[in-house]
Structure formats: structure tokens, C-alpha cells
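Engineer: First, the structure itself, so that you have it in front of you.
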Amino acid sequence: MGYRFHDTAHLEKRARERGFSVEQAKVTVNDASSILKTPIRKGNHGGLIQLFFRAFESRILVVVAEVKQNECWIITGYWEEQH
């Protein structure tokens, strides 16, 4: 399923700070290895906030996004802590 992404300045800033690309974030949403849905919280656009996980080499990128039908607003992303 391909989402229609809406760019946010916040995502670009966080991507630079945290060492991932906006393209990696989009790939994570479109081709996630797992998705955690959070039905408790709705986003600013009326969609559900979800966490998307995908491995890039030895690290896992976590992307937090609001999804409403095929629309997607990526809120932020970060590399999962390795234990």
C-alpha cells in the first residue's frame, strides 16, 4: 500500500538531527516489518497515530506517523535503542 505523504518541516529537522533520511522514513512506513497501532490517540488530521518499524543494516528505524486512509503525516522518527 502506497501512502500519500504530506511533508512537515519538523520531520526534516529531526531526520537531520537523528541521522536518518526522509526517504528512509517513507520506506519504513510503506514497507514496515511491524506496525504498532495506538487507537487511544488521534492525530491533528483525524487519523490514528501509529509506530512503524524497519531495519536498515543493523539498526531499526521507528517512525511515528498519523495515518488516515491512504494519507500519511510523518510526525517524527528515531533509531531504536540497542540493548
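The values are calculated or read from the model by the stated rules, or taken from the named source; none is laboratory data. Owing to the predicted nature of the structure, the values given are computational and were not obtained by experimental measurement. Glycine also receives a Cβ, built like all others from the backbone with ideal geometry; neighbour counts cover every protein chain displayed.
Engineer: Going through segment 56-75 one residue at a time, which ones are in contact with a strand residue (DSSP E or B) (Cβ under 8 Å, 6 or more places away or on another chain) and more than 19 Å from R4 (Cβ to Cβ)? Let's see the steps before the verdict.
Structural biologist: Initial filter on segment 56-75 (in contact with a strand residue (DSSP E or B) (Cβ under 8 Å, 6 or more places away or on another chain)): 59-68, 70-75.
R59, I60, L61, V62, listed by residue number.
Engineer: Could you list, in sequence order, all residues of segment 1-50 that are under 14 Å from G77 (Cβ atoms), assigned to a loop (DSSP other than H, G, I, E, B) and in contact with a Phe, Trp or Tyr (Cβ under 6 Å, 6 or more places away or on another chain)?
Structural biologist: Residue satisfying the conditions is A32 alone.
Engineer: Tell me whether segment 65-79 contains one or more residues that are out of contact with any His (no Cβ under 8 Å at 6 or more places or on another chain), aliphatic (A, V, I, L, M) and exposed (fewer than 12 other Cβ atoms within 10 Å of the Cβ).
Structural biologist: No, that holds for no residue.
Engineer: Right, next: Quick check on segment 51-58. Is at least one of its residues closer than 14 Å to W73 by Cβ, free of Cβ contacts under 8 Å to residues at least 12 places away in the same chain and not in a strand (DSSP E or B)?
Structural biologist: no
Engineer: So is E23 of a type in the set (D, E) and in contact (Cβ under 8 Å) with a residue 40 or more places away in the chain or not?
Structural biologist: no
Engineer: So, of the residues in segment 1-22 that are at pLDDT below 90 and exposed (fewer than 14 other Cβ atoms within 10 Å of the Cβ), which turns out to be nearest to E81 (Cα to Cα)?
Structural biologist: Among those that are at pLDDT below 90 and exposed (fewer than 14 other Cβ atoms within 10 Å of the Cβ), it is H10.
Engineer: Checking the condition in contact with a Leu (Cβ under 8 Å, 6 or more places away or on another chain) and hydrophobic (A, V, I, L, M, F, W, C), which residue from L61, L11, L51 passes?
Structural biologist: When all the criteria are applied, what remains is L51.
Engineer: What are the residues in segment 23-51 that are surrounded by 12 or more Cβ atoms within 10 Å (Cβ to Cβ) and out of contact with any strand residue (DSSP E or B) (no Cβ under 8 Å at 6 or more places or on another chain), if any?
Structural biologist: The one that is surrounded by 12 or more Cβ atoms within 10 Å (Cβ to Cβ) and out of contact with any strand residue (DSSP E or B) (no Cβ under 8 Å at 6 or more places or on another chain): N30.
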